[in-house]
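K.L.:
This is the structure, below, for whatever I ask next.
The values are calculated or read from the model by the stated rules, or taken from the named source; none is laboratory data. Nothing here was measured: the structure is a model prediction, and the numbers come from that model. With ideal geometry, Cβ positions are generated from the backbone for all residues, glycine too; neighbour counts draw on all protein chains shown. Ligands, DNA and RNA are stripped out before the accessible areas are found, and what is left, the full protein with its side chains, is counted by its heavy atoms. Shrake-Rupley method; radii C 1.70, N 1.55, O 1.52, S 1.80 Å.
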Amino acid sequence: MEINFLEIILYIVNIIILFFFLRWLLYKPMTRFLNNRTNEIQKQIDEAAQKYSDAEQLKAKYDEMMENAQDLATQLINKSKSVADEQARQIVAEAEESAEEIRTRTEKHIESQKQQAVLEMRQEVTRMAIQIAEKVLQREVSYEDNKNVINEFFEKVS
Amino acid sequence: MDIPSVFPDKVTIFGGWTVSTTLIAAFGTTLAIIVFGLIFRFVILKNFKRVPKGLQNVMELMVEGVNKFSTSIMGAGKKASSIAPYIMTIFGFIICSGLLEFMGIRSPATDLDCTIGLALITFVLIIAYSIRFRGVKGWLKTYAEPKAFMVPINVLSSVAVPISLACRLFGNMFSGLVVMDMLYGAMGYFAVGVPALASIYFILFHLGMQSYVFSMLTMSFIEEKA
Amino acid sequence: MDMGLIAIGAGIAVFTGMGAGIGMGIATSKACEAVARQPEATGKINQVLLIGLALAESTAIYGFVISIIMIFTMGK
């Protein structure tokens, strides 16, 4: 029975060499590689979650904006409608006013024309009456007399 | 029919040196693993993608398996991450050198010197971790647990650890070798097929089982003391 | 030393295998019961059983190692 101590030590040296080489060549690079990948994937997942929440927020904001826009639109329409109504009323009123004015003016004009016509007619009739009277009487009657007679006549008539 | 000797054959190399064949096999295994490691580190690792495939899968499985194995026994932390490369070394060495048996080369694990060497490393590691995580006083105090008069028993049991580890690994590997040799001897010229099936159990299964048990016991002894 | 006495000693040393066999049988029977009671835990039970068997087997292995060493070292 013999245990060879030199060989035991050589085996131990062998294992130690293998240990350091394996750690340097296989374990550490692989661990670094795996950790890198884990971190990368974790980062991507985090980023995705971040983006999702951002999108969610944006969507909520847009929804709110859309609702506001609808309100704004109805408000705008109401306002413009009221403005248009106001304008229409104004225009109608103006038109009525101007029509009224035109009517009164026309009436006035007609009145004055009528008066003028009456006046002219009166003069004409006077003159014609004098002529008729001259022709009928064929006599010397003073103008003053005629005038008096005719005036009397008119006073009776009117 | 001759049973293989407990002591492996001796050969003389470099003139005067007389070493056993298993030692040469052990160094050859180490060299092969280192060459593979160099190729892996400087050629294969550069081509690794984010989506694993082929060899990358195997390597990832290996490293992650070792990490998971060590954390399942020693808990997540510095202890597990520092012991993991050593566990990987034990696995790699025992399994790779054990596979030499398929080529007719005697595995180093069937040499008592080799298993004693491995067990001594474990013995030193137990003490080193104990001192590292408890201090010298804490380490000495572990021998006086639970009472002071238990010191001789504790010392005896701590010395028994490497002996039992060495004998367990050696015995299992060597019994497999002996059974295979007996099978070959018994079947004589009709040894076709059946020894191959038997060798799957006696070499592959024993190899995986024993390297697993060895590393698990190493870690649980360290965890117990540290 | 007389080779016959060594052989008898080696045979007695290998008797440790009897205890190991009984122990392994008990462990396996308990594992069977456990699997029957909780089939969903088969994987975990298998793992524990295999480790337990490997540890129990090492008792037999110690006897084997001692007998082999006896034969090889004393017989010379």
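K.L.:
For B:I105, which of the numbered conditions (1) outside any loop (DSSP other than H, G, I, E, B); (2) more than 14 Å from chain A (Cβ to nearest Cβ) fails to hold?
P.N.:
Checking B:I105 against (1) outside any loop (DSSP other than H, G, I, E, B); (2) more than 14 Å from chain A (Cβ to nearest Cβ), the one that fails is (1).
K.L.:
Would you check which residues across the stretch C:1-55 are touching a residue at least 60 places away in the same chain (Cβ under 8 Å) and among the hydrophobic types (A, V, I, L, M, F, W, C) and list them? Explain how you work it out, then say what you get.
P.N.:
Going residue by residue through the stretch C:1-55, those that are touching a residue at least 60 places away in the same chain (Cβ under 8 Å) are C:1, C:3, C:6-7, C:9-10.
Once the filter is applied, which keeps residues that are touching a residue at least 60 places away in the same chain (Cβ under 8 Å) and among the hydrophobic types (A, V, I, L, M, F, W, C), the stretch C:1-55 yields C:M1, C:M3, C:I6, C:A7, C:A10.
K.L.:
Among all residue pairs at least 6 apart or on different chains, which show Cβ distances below 9 Å where the first residue, located in the stretch A:28-48, is closer than 16 Å to B:M59 by Cβ and the second is surrounded by fewer than 16 Cβ atoms within 10 Å (Cβ to Cβ)?
P.N.:
Once the first residue is closer than 16 Å to B:M59 by Cβ and sits in the stretch A:28-48, its partners that are surrounded by fewer than 16 Cβ atoms within 10 Å (Cβ to Cβ) give A:M30/B:E64; A:T31/B:S81; A:L34/B:E64; A:R37/B:R50.
For every residue, the table says whether it meets (1) within 14 Å of another protein chain (Cβ to nearest Cβ); (2) not hydrophobic (A, V, I, L, M, F, W, C).
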{"residue": "B:G65", "(1), (2)": "yes, yes"}
{"residue": "B:S72", "(1), (2)": "yes, yes"}
{"residue": "B:I87", "(1), (2)": "yes, no"}
{"residue": "B:C96", "(1), (2)": "yes, no"}
{"residue": "B:S130", "(1), (2)": "no, yes"}
{"residue": "B:K141", "(1), (2)": "no, yes"}
{"residue": "B:A144", "(1), (2)": "no, no"}
{"residue": "B:F149", "(1), (2)": "no, no"}
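K.L.:
Still on this model: Quick one: would you say B:S164 is more than 19 Å from A:I3 (Cα to Cα) and of a type in the set (S, T, N, Q)? Before the answer, list the steps.
P.N.:
On the way: more than 19 Å from A:I3 (Cα to Cα): no; of a type in the set (S, T, N, Q): yes.
The answer is no for B:S164.
K.L.:
A further question on this structure: Is it true that some residue in the stretch C:9-31 is β-branched (V, I, T), surrounded by 11 or more Cβ atoms within 10 Å (Cβ to Cβ), touching a Gly at 6+ places or on another chain (Cβ under 7 Å) and part of a helix (DSSP H, G or I)?
P.N.:
Step one: list which residues in the stretch C:9-31 are β-branched (V, I, T), which gives C:12, C:14, C:16, C:22, C:26, C:28.
From what's left, surrounded by 11 or more Cβ atoms within 10 Å (Cβ to Cβ): C:12, C:14, C:16, C:22, C:26, C:28.
Filter again for touching a Gly at 6+ places or on another chain (Cβ under 7 Å), leaving C:14, C:16.
Now restrict to residues that are part of a helix (DSSP H, G or I): C:16.
Checked the stretch C:9-31: at least one residue is β-branched (V, I, T), surrounded by 11 or more Cβ atoms within 10 Å (Cβ to Cβ), touching a Gly at 6+ places or on another chain (Cβ under 7 Å) and part of a helix (DSSP H, G or I).
K.L.:
A further question on this structure: Answer yes if at least one residue in the stretch A:110-126 is open to solvent by less than 100 Å² (accessible area, probe 1.4 Å), touching a residue at least 12 places away in the same chain (Cβ under 8 Å) and assigned to a helix (DSSP H, G or I), and no otherwise.
P.N.:
Yes, the conditions are met somewhere in the stretch A:110-126.
K.L.:
While we're on this one: Restricting the search to the stretch C:32-54, which residues are modelled with pLDDT of 90 or more and in contact with a helix residue (DSSP H, G or I) (Cβ under 7 Å, 6 or more places away or on another chain)?
P.N.:
If the condition is that a residue be modelled with pLDDT of 90 or more and in contact with a helix residue (DSSP H, G or I) (Cβ under 7 Å, 6 or more places away or on another chain), then C:A34, C:V35 are the ones that fit.
K.L.:
Within the stretch B:174-191, can one find any residue that is more than 12 Å from chain C (Cβ to nearest Cβ), surrounded by fewer than 18 Cβ atoms within 10 Å (Cβ to Cβ) and under 19 Å from the mean Cα position of the chain (by Cα)?
P.N.:
No, the stretch B:174-191 has no match at all.
K.L.:
Identify all residues within the stretch B:151-162 that are loosely packed, with under 14 Cβ neighbours inside 10 Å and touching a helix residue (DSSP H, G or I) at 6+ places or on another chain (Cβ under 7 Å); write none if there are none. Talk me through it step by step, then tell me what you get.
P.N.:
Of all residues in the stretch B:151-162, those loosely packed, with under 14 Cβ neighbours inside 10 Å come to B:151-153, B:155-157, B:159-160.
Result: B:V151, B:V155.
K.L.:
Could you list, in sequence order, the residues of the stretch B:5-41 that are under 30 Å from C:V65 (Cα atoms) and among the basic types (K, R)?
P.N.:
Result: B:K10, single match.
K.L.:
Pull out all pairs, ordered by first then second residue, where Cβ-Cβ is under 8 Å, the residues are six or more apart or on different chains, the first lies in the stretch B:141-155 and is outside any helix (DSSP H, G or I), and the second is at pLDDT 80 or above.
P.N.:
Correct list of pairs: B:E145/B:N154.
K.L.:
So in the stretch C:56-76, with the set limited to residues that are more than 20 Å from B:S211 (Cα to Cα) and free of Cβ contacts under 8 Å to residues at least 60 places away in the same chain, which one is most open to solvent (accessible area, probe 1.4 Å)?
P.N.:
Kept after step one, since they are more than 20 Å from B:S211 (Cα to Cα), are these residues of the stretch C:56-76: C:63, C:66-76.
From the residues that got through so far, the ones that are free of Cβ contacts under 8 Å to residues at least 60 places away in the same chain too are C:63, C:66-69, C:72-73, C:76.
Values: C:G63: 3, C:I66: 92, C:S67: 8, C:I68: 14, C:I69: 33, C:F72: 34, C:T73: 32, C:K76: 176 Å².
Filtering the stretch C:56-76 for residues that are more than 20 Å from B:S211 (Cα to Cα) and free of Cβ contacts under 8 Å to residues at least 60 places away in the same chain, the one most open to solvent (accessible area, probe 1.4 Å) comes out as C:K76.
K.L.:
While we're looking at this one, here's another question. When you scan the stretch B:1-47, how many residues do you find that are in contact (Cβ under 8 Å) with a residue 12 or more places away in the chain and either exposed (fewer than 11 other Cβ atoms within 10 Å of the Cβ) or touching a strand residue (DSSP E or B) at 6+ places or on another chain (Cβ under 9 Å) (or both)?
P.N.:
Residues meeting the conditions: 9.
K.L.:
Consider B:T71 against the criteria (1) open to solvent by 50 Å² or more (accessible area, probe 1.4 Å); (2) out of contact with any Gly (no Cβ under 9 Å at 6 or more places or on another chain): it satisfies all of them except one. Which criterion is unmet?
P.N.:
Result: B:T71 fails condition (2) only.
K.L.:
Looking at the stretch C:29-47 only, could you name the residues that are farther than 19 Å from B:N172 by Cβ, within 21 Å of the chain's Cα centre (by Cα) and within 14 Å of another protein chain (Cβ to nearest Cβ)? Give the steps one after another, and end with the answer.
P.N.:
Taking the stretch C:29-47 first, the residues farther than 19 Å from B:N172 by Cβ are C:29-46.
Adding the requirement that they be within 21 Å of the chain's Cα centre (by Cα) leaves C:29-32, C:45-46.
Selection gives C:N46 alone.
K.L.:
Turning to a different aspect of this structure: Taking the criterion of being open to solvent by 30 Å² or more (accessible area, probe 1.4 Å), closer than 25 Å to B:Y86 by Cα, touching a helix residue (DSSP H, G or I) at 6+ places or on another chain (Cβ under 7 Å) and without any contact (Cβ under 8 Å) to a residue 60 or more places away in the chain, would at least one residue in the stretch B:112-119 satisfy it?
P.N.:
The initial filter retains those residues of the stretch B:112-119 that are open to solvent by 30 Å² or more (accessible area, probe 1.4 Å), namely B:116.
With the extra rule that they be closer than 25 Å to B:Y86 by Cα, the set shrinks to B:116.
Right, trim to touching a helix residue (DSSP H, G or I) at 6+ places or on another chain (Cβ under 7 Å) and you get B:116.
Going one step further and asking which of them are without any contact (Cβ under 8 Å) to a residue 60 or more places away in the chain, we end up with B:116.
The answer is yes; a qualifying residue exists.
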